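Visitor: I have a structure I would like to understand better, so I am pasting it below and will then ask my questions one at a time.
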Amino acid sequence: MIIVILTEQETRMLNGEEGYATQKSMEILVALGEIYGAEKLIKVGSVQVAGVSYHNLGDAGLEFLNELAKDGRVRVLTTLNPAGMDLQNWRQLGISQDFAEKQNLVIDAFRSMGVITSCTCTPYLIGNLPRYGEHIAWSESSAVTFANSVIGAKTNREGGPSALASAFTGKTPYYGLHLKEKRLPDIHVRVNTKLKNLPDWGALGYCIGKKAENRIPYITGITEAELDELKSFCASVVTYGSKPLFYIQGITPGAELHSPPKETVTVEEIDLKEAYARINDEATDIDLVCVGCPHCSIKEIAEIASLIEDKKVSENTEFWVACARTTKQLSDQRGYTAVIEKAGGKFACDTCMAVAPLKGRFKSLATTSAKGCFYSRQNNMATKMGSIEECIEAAVTGKWN
Ligand code: F3S
């Protein structure tokens, strides 16, 4: 068995000399290090903690957090993944009083630990932005994939407790994607088709995730990519595959350090069509439209506002724009919020369709997100993936044409 070598300070933490939460955290990190063969712990620059929704945590999770909150204080910049509700406008989104009370207790526990309660899966858009090569400990799969691939930071896909353990200690075990040799691409994916819009990137993520499975893809054939497209691709490729790291030649950092691996697969137009066929269900009536998985950037909100201006959301449909609260504040300033709300749209800050308690409330969803479709099916919703234009059309007509 590998023994994790600890520094003097880490040993003090493990012995309980720096408090209960720190001791428990060090126990978690050492156990993980032993399981995965880490010889030491390393410093992390920031943490992103998932497992925030009371819907997933339940009372046992809340109790666990309260126990740690007694003396646990974060040592590095730490932000949260989406919670189970909009922390301010939960009533407007149909959340019950009971749920809201419990969710607020969860947030209170994190706040008392010193966590920044910006509940978002796009922390890199609002101030938790690591640098290239920096070691971090993040949890949410799309954010982890974005950090590793688009920014070039280094993180494993942490669970909620292990991320929190890194927050309390400032450390993570040195294994997996923290190691240079574990970040080598091992399958070449040549994309032989043009990507026309945002959902095409979700469909591409589906194709590459399925073809690469647990291997790191080195992707060629793509000549341009917007940040929002990469954000969407990150969410999809890790949902339908499993490795939270990819390289795109000429686009993402670090790709220039590698050559395409020998084993090559291709993605053709027919593969994208097949992906759409797999992601979409039979559904014509749409009762929920949600854009913002991963959470919307201000640029996406501007586009939504310009497309929905002078339109009206159907009374049979809800139209949600999911984003970080900080992003909504920018939207407020620019007047986009007023335009979207005048059309009947609602902002869903701090939360998302996967972690909010939506089961049984909606029958069919339209979204731009392949990942959103995956998780909404688990909430028993039929799903349709399309462009922002198609989603707004569905919101206005209540139909998917
Ligand atoms: Fe983010 Fe929720 Fe989608 S965490 S990536 S909005 S499923």
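Visitor: Compare the Cα positions of Y174, Q329, G386 along the charge dipole of the chain (+1 at Cβ of Lys, Arg; -1 at Cβ of Asp, Glu; about the Cα centre) and return the one farthest towards the positive end.
Guide: The residue sitting most towards the positive pole is Y174.
Visitor: For Y175, what accessible area in Å² do you get when you roll a 1.4 Å probe over the heavy atoms of the protein chains, rounding to the nearest 10?
Guide: 30
Visitor: Calculate the length of the line joining the C-alpha centroid of the stretch 167-198 to that of the stretch 41-84, in whole Å.
Guide: 24
Visitor: Highest GNM mean-square fluctuation, the chain, Cα pairs closer than 10 Å: which of D285, D59, D86?
Guide: With Cα springs under 10 Å in the chain, the top fluctuation among D285, D59, D86 is at D59.
Visitor: For the stretch 15-69, with only Lys/Arg (+1) and Asp/Glu (-1) charged at the beta-carbon, what is the dipole magnitude about the Cα centre, in debye rounded to 20? Walk me through the numbers before you get to the answer.
Guide: Details: 3 positive and 8 negative charges, 51 e Å.
Around 240 debye, computed over the stretch 15-69.
Visitor: Another question, if that's okay. If the only charges are +1 at each Lys and Arg Cβ and -1 at each Asp and Glu Cβ, what is the size of the charge dipole of the chain around the Cα centre, to the nearest 20 debye?
Guide: Details: 43 positive and 48 negative charges, 82 e Å.
Computed charge dipole of the chain: roughly 400 debye.
Visitor: Can I ask one more? In the stretch 212-241, whose amide N lies under 13 Å from the spot 7 Å out along Cα-to-Cβ of E263? List them in ranges.
Guide: Answer for this model: 212-218.
Visitor: Right, here's the next one. Which order do the peptides 99-105, 238-244, 119-125 take when ranked by the mean count of other beta-carbon atoms within 10 Å per residue, highest first?
Guide: Details: 99-105: 17.3, 238-244: 22.3, 119-125: 27.3.
The most tightly packed comes first, giving 119-125, 238-244, 99-105.
Visitor: Dipole magnitude of the stretch 1-160 about its Cα centre, charges +1 at Lys/Arg Cβ and -1 at Asp/Glu Cβ only, in debye to the nearest 20?
Guide: Details: 13 positive and 18 negative charges, 98 e Å.
The dipole magnitude comes to about 480 debye.
Visitor: Cα gyration tensor of the chain, axes a ≥ b ≥ c as square roots of the eigenvalues: rounded (a/c below 1.5), prolate (a/b > b/c) or oblate?
Guide: Working: a/c = 2.08, a/b = 1.23, b/c = 1.69.
Oblate, since a/c reaches 1.5 and b/c is not below a/b.
Visitor: Protein chains only, probe 1.4 Å: how do H135, H295 rank by accessible area, largest first?
Guide: Working: H135 45, H295 0 Å².
The most accessible residue leads, giving H135, H295.
Visitor: Can you list the cysteines of the chain that have no other Cys Cβ under 4.7 Å away?
Guide: C119, C121, C207, C234, C290, C293, C349, C352, C373, C391
Visitor: Accessible surface of C290 in the full protein assembly, 1.4 angstrom probe, to the nearest 10 Å²?
Guide: 0
Visitor: Give K299/K342; K102/K211; K328/K399; K311/K363; K328/K359; K180/K359 a once-over and call out the pairs whose C-alpha atoms are over 31 Å from each other.
Guide: K102/K211; K180/K359
Visitor: With a Förster radius of 35 Å, plug the Cβ-Cβ distance of E256 and K363 into 1/(1 + (r/R0)^6) and report the FRET value to the nearest 0.05. Walk me through the numbers before you get to the answer.
Guide: Numbers: r = 47 Å, r/R0 = 1.36.
Result of the calculation: an efficiency of 0.15.
Visitor: Across the stretch 41-49, in residue order, what do the Karplus-derived ³J(HN,Hα) couplings come to in whole Hz, using 6.51 cos²θ - 1.76 cosθ + 1.60 with θ = phi - 60° and x for Gly and Pro?
Guide: 9, 10, 6, 10, x, 7, 9, 10, 9
Visitor: Now a separate question. Where in the stretch 106-150 is the amide nitrogen less than 19 Å from a point lying 7 Å along the Cα-to-Cβ axis of R73?
Guide: Those under the cut-off are 108-117.
The values are calculated or read from the model by the stated rules, or taken from the named source; none is laboratory data. Just so you know, these numbers come straight off a predicted model, no measurement behind them. A quick note on method: Cβ atoms are made from the backbone with ideal geometry, for glycine too, and the neighbour counts reach across all protein chains shown. Calculation scope for accessible area: heavy atoms of the full protein, side chains included, ligands and nucleic acids excluded. Shrake-Rupley method; radii C 1.70, N 1.55, O 1.52, S 1.80 Å.
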